[in-house]
1. Are there strands (runs of 3 or more DSSP E) fully within the range 156-242 with at least 2 residues that are polar (S, T, N, Q) and buried (at least 18 other Cβ atoms within 10 Å of the Cβ)? List them.
2. Sort through Gly56, Gly27, Gly49 and tell me the only one that's part of a loop (DSSP other than H, G, I, E, B), assigned by TED's automatic domain parsing to the domain that holds His185 and either farther than 20 Å from Ala141 by Cα or without any contact (Cβ under 8 Å) to a residue 60 or more places away in the chain (or both).
3. Using the structure shown, decide if Ala125 is out of contact with any helix residue (DSSP H, G or I) (no Cβ under 8 Å at 6 or more places or on another chain), more than 22 Å from Thr43 (Cβ to Cβ), modelled with pLDDT under 95 and hydrophobic (A, V, I, L, M, F, W, C).
4. Determine, yes or no, whether Glu153 is modelled with pLDDT of 90 or more, surrounded by fewer than 16 Cβ atoms within 10 Å (Cβ to Cβ) and of a type in the set (Asp, Glu).
5. Determine whether the range 94-102 contains at least one residue that is outside any helix (DSSP H, G or I), surrounded by fewer than 13 Cβ atoms within 10 Å (Cβ to Cβ) and touching a residue at least 60 places away in the same chain (Cβ under 8 Å).
6. Can you name every residue in the range 251-274 that is within 32 Å of the chain's Cα centre (by Cα) and acidic (Asp, Glu)?
7. Show the residue pairs meeting these rules: Cβ distance below 6 Å; 6+ apart or different chains; first residue within the range 259-287 and free of Cβ contacts under 8 Å to residues at least 24 places away in the same chain; second residue surrounded by 14 or more Cβ atoms within 10 Å (Cβ to Cβ) and outside any loop (DSSP other than H, G, I, E, B).
8. Condition check: among the charged types (D, E, K, R) and at pLDDT below 85. Does Arg298 satisfy that?
Amino acid sequence: MIEVQHLTKTYGHTAAVDDVSFTVRPGLVTGFLGPNGAGKSTTMRAILGLDRPSSGRVLVDGRAYRDLVAPLSTIGALLDARALDKRRSARNHLRVLGSTVGIGRRRVEQVLELVGLTDVADRAAGGYSLGMGQRLGIAAALLADPDIVMLDEPVNGLDPDGILWIRTLLRDLAAEGRTVFLSSHLMSEMELTADHLVVIGKGRIIADVPMTELLAGVGENRVCVTAPQADRLIGLLTSPDVSVLQKAPHVLEVTGVPAATIGEVAALHGIALHDLHPATASLEEAYMNLTHASVTHRGTPVLTGSAVR
């Protein structure tokens, strides 16, 4: 378990993380989300003792990282897959890392097979593609069979097969009762992987909720309707308390009235419905709603007829 307790980290007069508290529990995949510059990397570095808090503390299985008896078997982490001697092969890199804590060659071969690098394990890591480098970083994180796994952007550079593999791996680790903490900007994948979400913006926690609760809150009171006579239905439903958005010629998204009432109105006026169901929000939509005011770096659309040179 990871416990972040009133963590604050300042650089000069700037607070990268400001009184942040949350808990990452065993048996769940916990997603860590936030815009660029929100404080995610600082928080993860503080968990590993790489950044000293200005105030507050972080506990890993009840202890500060520096006080862990066996850090690598307690928490395996990937923060930067490029942080290695690129002249070494993947096999030698893992052997050297394992030798520092008494891990033998058999385990090295096991994790190489697990991440799919056995066939290229003797190639210099500097010649690896981005995705292969990510796989090596994940192998290093899993080398000591840790109870806690913390990965920063693990799907970066992976192909679709690799993304499915890491999703399945993380879900399996959580099912074994391990603690899994995952940071990513890929909303569609996080939605499929995480059970719980911690969202940070401008150094402060915005949300700390189960995935289902976050999505239910965004999709509340919205209904999707498919009807050949959608134009007639719009006129019957629209009122000061109800908004109707036409998503396609025969598809409406209605906010402010329950599905049962829409069905009753349609039946009363002889309007056939081909589909009627509560709208389901995506994580991307929920995330954008939560973090809109916390985005520090926001681009602007290119004007029509202009070009970026």
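1. On the way: elements: 179-183, 196-201, 204-210, 222-226.
In the range 156-242, the matching strands (runs of 3 or more DSSP E) lie at 179-183.
2. Exactly one of Gly56, Gly27, Gly49 is part of a loop (DSSP other than H, G, I, E, B), assigned by TED's automatic domain parsing to the domain that holds His185 and either farther than 20 Å from Ala141 by Cα or without any contact (Cβ under 8 Å) to a residue 60 or more places away in the chain (or both), namely Gly49.
3. On the way: out of contact with any helix residue (DSSP H, G or I) (no Cβ under 8 Å at 6 or more places or on another chain): no; more than 22 Å from Thr43 (Cβ to Cβ): yes; modelled with pLDDT under 95: yes; hydrophobic (A, V, I, L, M, F, W, C): yes.
No; evaluated as a whole, the condition is false for this residue.
4. Against the criterion (modelled with pLDDT of 90 or more, surrounded by fewer than 16 Cβ atoms within 10 Å (Cβ to Cβ) and of a type in the set (Asp, Glu)), Glu153 does not qualify.
5. no
6. Selection gives Glu253 alone.
7. Gly263/Leu276
8. For Arg298, the condition - among the charged types (D, E, K, R) and at pLDDT below 85 - is met.
The values are calculated or read from the model by the stated rules, or taken from the named source; none is laboratory data. Model, not experiment: these values are computed from the prediction. Using ideal geometry, Cβ is built from the backbone for each residue, glycine included, and neighbour counts are taken over all protein chains shown.
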